[in-house]
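Novice: Below are the structure tokens for one structure; questions will follow.
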Amino acid sequence: MNLLITGAFAWTKEEIEHLKSLGHKVVLMQQESAQLPCDYDWIEGVIGNGIFLHHQIEKFTSLKYIQLTSAGYDRVPMDYVKEHNIKIHNAHGVYSIPMAELAICGVLQLYKQSCFFINNQKEHKWDKHRDLRELFEKTVCIIGCGSIGNECAKRFKAFGCNIIGVDLKPYNSDIYVQMLPIEKLEHALYNSDIAILTVPLTDETKYLFNQDKLSCIKQDGVLVNIARGGIVNTAALIDALNNNLYGAVLDVFEDEPLSADSPLWDMKNVIITPHNSFVGEGNHKRMLDVILNNICSHI
């Protein structure tokens, strides 16, 4: 297969040579926004992330295979892909572990008032905090029970939490006390201390968490968004943080980077990371395994 690979994955020379040894002709394009180093019609397969944001997919007239280095499909014109029977894979399972760890880390920072103690440490100030929370026996609602959601569920369950799942296509799993369809999301939120968003961004999930949904979360609940910013209405979230929510752990936002004048930055009950939850030292090996397994299966 004629493969265009991009700098969305940090290829080593040895890894590129291994692809070639499998019988593929390989061209590397470091920046996906740059001019293609080959003709569009030469390319039969693409391994990258946002290349179709910069190059119209219609120009790739020989395209039959796409391997994404992202978990989401929102940077790809999926209607076109389906219409032309192009085989597509995402980075299934690659980023689930670090993302789940960040979800745990963020909630614990809020529950254990880490910012309070960090600020006191900077000031060499010995001051106890008497309002710390426990994860034990809290009810956690995972919205989107794919690989990322499942890794979150496993880790919160290890802390003694009760795990409820909500998914577009519910299924049976021992990880969850129960799994409900998306139509019963509000019912699940009424009973939840923590809601974790790991659902993909689609037309169906756009602004899924509006004022109504945010008000359904149990009083003093926590919202964690490690999915996509567009799933949450920002104005409604800010209002909820000033009223019913205990706090939020936010890694993704409607507009990125988050504007410097956003009130979210200064809210003491918000933990912000810059779309960074996917980062972990095991990602490279996991991503390479996914790439090789999928491309070998395609052959």
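Novice: Can you give the relative contact order of the chain as a percent, counting alpha carbon pairs under 8 Å and 6+ residues apart?
Specialist: Relative contact order for the chain comes out at 13 percent.
Novice: What translational D, rounded to a whole number of µm²/s, comes out for segment 125-277 from Stokes-Einstein when the hydrodynamic radius is the Kirkwood one over Cα pairs, at 4 °C and 1.567 mPa s?
Specialist: Roughly 82 µm²/s, to the nearest whole number.
Novice: If I stretch the segment between residue 183 and residue 109 completely, what's the gain in nm (0.36 nm per residue apart, minus their alpha carbon distance), one decimal?
Specialist: 23.5 nm
Novice: Another question, if that's okay. Compute a Gaussian network model of the chain, connecting alpha carbons closer than 10 Å, and tell me which residue from 12, 234, 69 fluctuates the most.
Specialist: Comparing 12, 234, 69 in the GNM, the peak value goes to 12.
Novice: When you take every Cα atom in the chain, what is the radius of gyration, and what is Dmax, the widest Cα pair distance, in Å?
Specialist: Rg then Dmax for the chain, in Å: 21.3, 67.
Novice: Let me ask you something else. Based on the alpha carbon coordinates of segment 250-299, what radius of gyration and maximum Cα-Cα distance (Dmax) apply, in Å?
Specialist: 17.3, 53
Novice: While we're on this one: Considering only protein heavy atoms, what per residue accessible area in square angstrom results for the chain with a 1.4 angstrom probe?
Specialist: Result: 52 Å² per residue.
Novice: Just need the relative contact order of segment 80-225 here, percent rounded to a whole number, with Cα pairs under 8 Å and 6+ apart.
Specialist: Dividing the mean separation by the residue count of segment 80-225 yields 22 percent.
Novice: Also: How many percent of all Cα-Cα pairs in segment 48-145 sit more than 22 Å apart?
Specialist: 56
Novice: Let me ask you something else. Quick one: 3J(HN,Hα) in Hz for segment 249-258, Karplus 6.51/-1.76/1.60 with θ = phi - 60°, rounded, Gly and Pro as x.
Specialist: In residue order, the calculated couplings are 10, 10, 10, 10, 9, 4, 10, 10, x, 4 Hz.
Novice: Continuing with this model, one more query. Round to a whole number: what % of the accessible area of the chain belongs to carbon and sulfur, probe 1.4 Å?
Specialist: 49
Novice: Right, another one. Label point 7 Å out from residue 190 along Cα-to-Cβ: which residues of segment 199-214 have amide N under 19 Å?
Specialist: Counting backbone N atoms under 19 Å from the label point, the list is 209-214.
Novice: Under 5 Å between amide hydrogens, which residues at least 5 positions from residue 271 or on another chain qualify, with H placed 1.01 Å from N in the peptide plane?
Specialist: 248, 249, 250
Novice: Work out, step by step, the length gained on full extension between residue 10 and residue 64: first 0.36 nm times the residue separation, then minus their alpha carbon distance; give nm to one decimal.
Specialist: 17.1 nm
Novice: Any idea what log10 I(q)/I(0) is at q = 0.13, 0.14, 0.23 Å⁻¹ for segment 1-95, Debye with uniform C-alpha scatterers and no solvent?
Specialist: Result of the Debye calculation: -0.40, -0.47, -1.34.
Novice: Which percent, nearest 5, of DSSP beta bridges in the chain are antiparallel?
Specialist: 0
Novice: Another question about this same structure. Give the calculated FRET efficiency between residue 285 and residue 22 to the nearest 0.05, with a Förster radius of 30 Å applied to their Cβ-Cβ distance.
Specialist: Efficiency, from the Cβ-Cβ distance: 0.95.
Novice: Restricting attention to the alpha-carbon atoms of segment 207-299, what are Rg (one decimal) and Dmax (integer), both in Å?
Specialist: That works out to 17.1, 55 Å for Rg and Dmax.
Novice: Please tell me the relative contact order of segment 1-64 in percent, rounded to the nearest whole number, where contacts are Cα pairs under 8 Å and at least six residues apart.
Specialist: Result for segment 1-64 is 41 percent.
The values are calculated or read from the model by the stated rules, or taken from the named source; none is laboratory data. Note that this is a predicted model, so its numbers are computed, not measured. Positions of Cβ are generated from backbone atoms using ideal geometry, with glycine treated the same way; all protein chains shown enter the neighbour counts. In case anyone asks, the SASA skips ligands and DNA or RNA and just uses the protein heavy atoms, side chains included. Shrake-Rupley method; radii C 1.70, N 1.55, O 1.52, S 1.80 Å.
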